[in-house]
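The values are calculated or read from the model by the stated rules, or taken from the named source; none is laboratory data. Predicted, not measured: the structure shown is a model, and the values here were computed from it. Note that we place each Cβ from the backbone using ideal geometry, even for glycine, and neighbour counts take in every protein chain shown.
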Amino acid sequence: MRDHFLPRVYPYGFVLFLITLICCQSCKKTTPESAHRSSFRYNQHNPITSLDPAFARTQNNIWAVDCMFNSLVQLDDSLHVKPCLASSWDISPDGLTYLFQLRRDVYFHDDPSFPGGKGRNMNARDVVYSFERLLDTEWPKPGSWIFKDRIAADSAFTAVNDSVFCLRLKTPFQPMLQILTMQYASIVPREACELYGRDFRRHPVGTGPFRFKIWAENQALVVVRNERYFEKDNNGTPLPYLDAVRTSFITDRKTAFLEFKQGKLDYFFGLESSYINELLTPDGDLQPALAEQFVFLKNPYLNTEYLGIRMDSTTGPLQQKKIRQALNYGIDRVQMLRLLRNGVGRPATSGFAPYGLPSFNDSLAPGYRYDPLRAARLLAEAGFPQGRGLPAITLLCNADYLDLCTFLARQWNDLGLDVRIESTETALLRERMRNGQAPFFRASWIADYPDAESFLTCFYSKNTAPPNYTHFSNRAFDRLYEAALGETDTDKRYGLYRSMEEILIEEAPVVFLFYDETAQFASRQVQGLPRNAINLLSLKRVRK
C-alpha cells in the first residue's frame, strides 16, 4: 500500500486554466468521427467525497463513478436489467445461484499499476475481488450492505473460469439483479486497489466509458473518453460520443443557475425557490422566453416525500389511528405541489412506493385524497370534534422544507388542529430520527434499486432505524414482506406489494405527501440525455 499524500490545493484560476486546456486537447482527437464532439459541462452543488465506487452513496459520487466504472448488469431508462460486463446470466430454479457469462472484450483503463501502464483484460477473478473487497471488515465500506445477510456463508463468489462468475445466495432475494446494477457493485482491478490503497479514491481505475484525468477537490473534476470502451450504439458506433466531461462544484445553486443561463454550463438540475419561477411557469412548463435556448425534461424520480410518525410511543395524539388518517385526508397535495413546486411532482395518493416503479398501480391501491369533511368526521370519532381538546402536535423539519411544512400546518389549522413547526438542522434531525427521539418528522426515501421492496423495507418490524424510522410493527405486513422476498412470480410478488400498501394506507404510520419528479434543464445543443426514474446522469450516449 502506497503512502497517503494530502491533496495539493491549486489556485482556482490555475485549475480553470488546466481544465480548459485538458478539455481542448480532448476535443482534438484525430479521428474524423470525433470532429463534431466536445466536452460536456455540469455543476454539482455538493462536493464529491470519493471516486471509489465502494463509497458511491451520494448522487454526486454516483454520477462521477458511473462515468468511470461498470457493473455486471445495468438498467435502461425503463428500469429493465440489461447486460453490461456480463453478456448473459442464468438463475437456478431455487433462486440461489446466479451464473454470469462475462464479455471478453473489456479492458481496464491504462494506469501505472499495470505492467507497462497498459490496462489489461477484465476477468471473473476481478469480480470476485471487487465483491470481497466490498465486504472487507478491516476497512468498512458503505456499499457492503448490498450483500449483508443475503449471500451464502461459503463460496458466495466464485470464478468458474476467466469468463464465468458464480454468485450464491443464502436465501432467494428477487431484487438481486437490480442491486447488482448499483455503483457499489462496480468491478475494480486488484493491481490499482493494492497500489493506491485508500488513495484509490483519488486514482480511480475502471472499465467505464470515461477515464480519470484530474480532480481538484471542491473545484473541478475532468474525465476523458475511453478509446477502448466496449459498448457500441445500435449503428455500431463506439460509445461514448463525448470527448470529455467537466464537473464544477459551485455550492450556491443560484450562482450555478446564472452560469447555466450564461451558457457556461450545458446542463442544470434541481429546483429551488430562489430561481424556480425564472425557469418554470406555475403549471410546471418551461418559461416561454427560455424555450429557444433550453429544453426541460421532467420524469418520475423514485423518491417518496412523507411525514413520519413514531408508532411505538406510549403517549401523544398521533397514537390514535383516526387522527393519523385525518392528517392524511386534511391536506391538498395538488395545491401544495402547484404553489410550492410549480407542479413538479405527483400527489402521493397510492401508498408509499412511488409512481415510476414497475409495480405501481394507483387504481389497485387507492390511498388518501383531499377530503376535509372526512378528516373532520374522523377527528370527531376520535373524540376531538373540530380539534377541541386535542394537544398541540410538533412537526420537526429542516430549513429546506420549512415552506412545505408551514403550508401543511395551516391546512390542519383549518381543521382545528394545533400543529407547530420546529425547524432543526438536518444532521440533528437525522440523529433524532435514528434514536427514536422524533415523534413527528419530515423525511424522504429514495430507492436504492428499482423495486418496491426498497421502499417497503422501511416498515418491516425486524429493521431498525434506518430504515424503519417510524418503528412500525405489524405481523400481517411482516408475513407479506417475507413472502415477497422469495416469490419468483412477478405478478404474485406485485400482488403482495399491494397488500402491504393497503396495510400502510389503513394504519397510516406516515402522512403521504408526494412522489418526486426530476427537473433537468439542458442547452439545445445537447442530445441524448437519459430520462430515468433513478436520477442517474449516464453520459455515454449523450451528444453535443
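For the range 214-260, which residues satisfy the criterion of being out of contact with any strand residue (DSSP E or B) (no Cβ under 7 Å at 6 or more places or on another chain) and either in a strand (DSSP E or B) or crowded, with 21+ Cβ neighbours inside 10 Å (or both)?
ALA216 - this is the single residue of the range 214-260 that is out of contact with any strand residue (DSSP E or B) (no Cβ under 7 Å at 6 or more places or on another chain) and either in a strand (DSSP E or B) or crowded, with 21+ Cβ neighbours inside 10 Å (or both).
Does SER78 fit the bill of being under 21 Å from LEU302 (Cβ atoms) and at pLDDT below 95? Step through it out loud before you land on a result.
On the way: under 21 Å from LEU302 (Cβ atoms): yes; at pLDDT below 95: yes.
Here the answer is yes, as SER78 does meet what is asked.
Conditions tested, residue by residue: (1) surrounded by fewer than 18 Cβ atoms within 10 Å (Cβ to Cβ); (2) without any contact (Cβ under 8 Å) to a residue 60 or more places away in the chain.
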| site | (1), (2) |
| --- | --- |
| GLN437 | yes, yes |
| PRO466 | yes, yes |
| LEU496 | no, yes |
| LEU504 | no, no |
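What are the residue pairs meeting all of these: first residue in the range 227-246, first residue more than 22 Å from ASP111 (Cα to Cα), second residue hydrophobic (A, V, I, L, M, F, W, C), Cβ atoms under 7 Å, and 6 or more apart or on different chains?
What qualifies is LYS232/LEU239; ASP233/LEU239; TYR241/VAL542.
Restrict the check to the range 192-213 and report whether at least one residue is at pLDDT below 95 and either closer than 30 Å to ALA484 by Cα or of a type outside the set (A, V, I, L, M) (or both).
For the range 192-213, residues at pLDDT below 95 and either closer than 30 Å to ALA484 by Cα or of a type outside the set (A, V, I, L, M) (or both): absent.
Given the residues TYR481, TYR460, TYR449, which is the only one that is crowded, with 18+ Cβ neighbours inside 10 Å and touching a residue at least 60 places away in the same chain (Cβ under 8 Å)?
TYR449
Across the range 522-543, which residue is surrounded by the most Cβ atoms within 10 Å (Cβ to Cβ) among those that are hydrophobic (A, V, I, L, M, F, W, C) and over 13 Å from the mean Cα position of the chain (by Cα)?
Selected residue: LEU539.
Could you please let me know if ARG341 is at pLDDT below 95, among the basic types (Lys, Arg), under 23 Å from the mean Cα position of the chain (by Cα) and closer than 24 Å to LYS298 by Cβ?
yes
Checking ARG201 against (1) within 23 Å of the chain's Cα centre (by Cα); (2) assigned to a loop (DSSP other than H, G, I, E, B): exactly one of these is not met. Which one?
Unmet condition: (2).
To keep it simple, each residue is scored yes or no on (1) in contact with a helix residue (DSSP H, G or I) (Cβ under 9 Å, 6 or more places away or on another chain); (2) more than 18 Å from TRP63 (Cβ to Cβ).
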{"position": "THR171", "(1), (2)": "yes, yes"}
{"position": "ILE179", "(1), (2)": "yes, yes"}
{"position": "ARG201", "(1), (2)": "yes, no"}
{"position": "GLY206", "(1), (2)": "yes, no"}
{"position": "ASN218", "(1), (2)": "no, no"}
{"position": "VAL224", "(1), (2)": "yes, no"}
{"position": "GLY263", "(1), (2)": "no, yes"}
{"position": "SER273", "(1), (2)": "yes, yes"}
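Just one of the numbered conditions (1) assigned to a helix (DSSP H, G or I); (2) under 21 Å from PRO450 (Cα atoms) is not true of ASP149; which one?
(1)
Going residue by residue through the range 167-182, is there one that turns out to be of a type in the set (S, T, N, Q), more than 17 Å from SER50 (Cβ to Cβ) and over 25 Å from the mean Cα position of the chain (by Cα)? Talk me through it step by step, then tell me what you get.
So the first thing to find is which residues in the range 167-182 are of a type in the set (S, T, N, Q), and the list is 171, 174, 178, 181.
Next cut, more than 17 Å from SER50 (Cβ to Cβ) only: 171, 174, 178, 181.
Now restrict to residues that are over 25 Å from the mean Cα position of the chain (by Cα): 171.
Yes, some residue in the range 167-182 is of a type in the set (S, T, N, Q), more than 17 Å from SER50 (Cβ to Cβ) and over 25 Å from the mean Cα position of the chain (by Cα).
Taking TYR241 as the residue in question, decide whether it is of a type outside the set (S, T, N, Q), under 29 Å from GLY345 (Cβ atoms) and not assigned by TED's automatic domain parsing to the domain that holds ASN361.
No; evaluated as a whole, the condition is false for this residue.
So, in the range 164-191, how many residues would count as being under 15 Å from GLY486 (Cα atoms) and out of contact with any strand residue (DSSP E or B) (no Cβ under 8 Å at 6 or more places or on another chain)?
5
Could you please find all residues in the range 151-193 being surrounded by fewer than 17 Cβ atoms within 10 Å (Cβ to Cβ) and either among the acidic types (Asp, Glu) or farther than 21 Å from SER87 by Cα (or both)?
ALA152, ALA153, ASP154, SER155, ASP162, LYS170, THR171, PRO172, ARG190
Is there a residue in the range 137-150 that is crowded, with 16+ Cβ neighbours inside 10 Å, assigned by TED's automatic domain parsing to the domain that holds TYR184 and farther than 27 Å from GLY356 by Cα?
The answer is yes; a qualifying residue exists.
Would you be able to tell me the number of residues in the range 389-402 that are surrounded by 13 or more Cβ atoms within 10 Å (Cβ to Cβ) and in contact with a helix residue (DSSP H, G or I) (Cβ under 7 Å, 6 or more places away or on another chain)?
So the answer is 6.
Mind counting the residues in the range 468-486 that are touching a Phe, Trp or Tyr at 6+ places or on another chain (Cβ under 8 Å) and assigned to a loop (DSSP other than H, G, I, E, B)?
5
Let's see how each residue does on (1) more than 30 Å from PHE512 (Cα to Cα); (2) of a type in the set (Val, Ile, Thr):
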residue	(1), (2)
ASN235	yes, no
PRO238	yes, no
ALA244	yes, no
ILE250	yes, yes
PRO282	no, no
VAL295	yes, yes
LYS298	no, no
THR315	no, yes
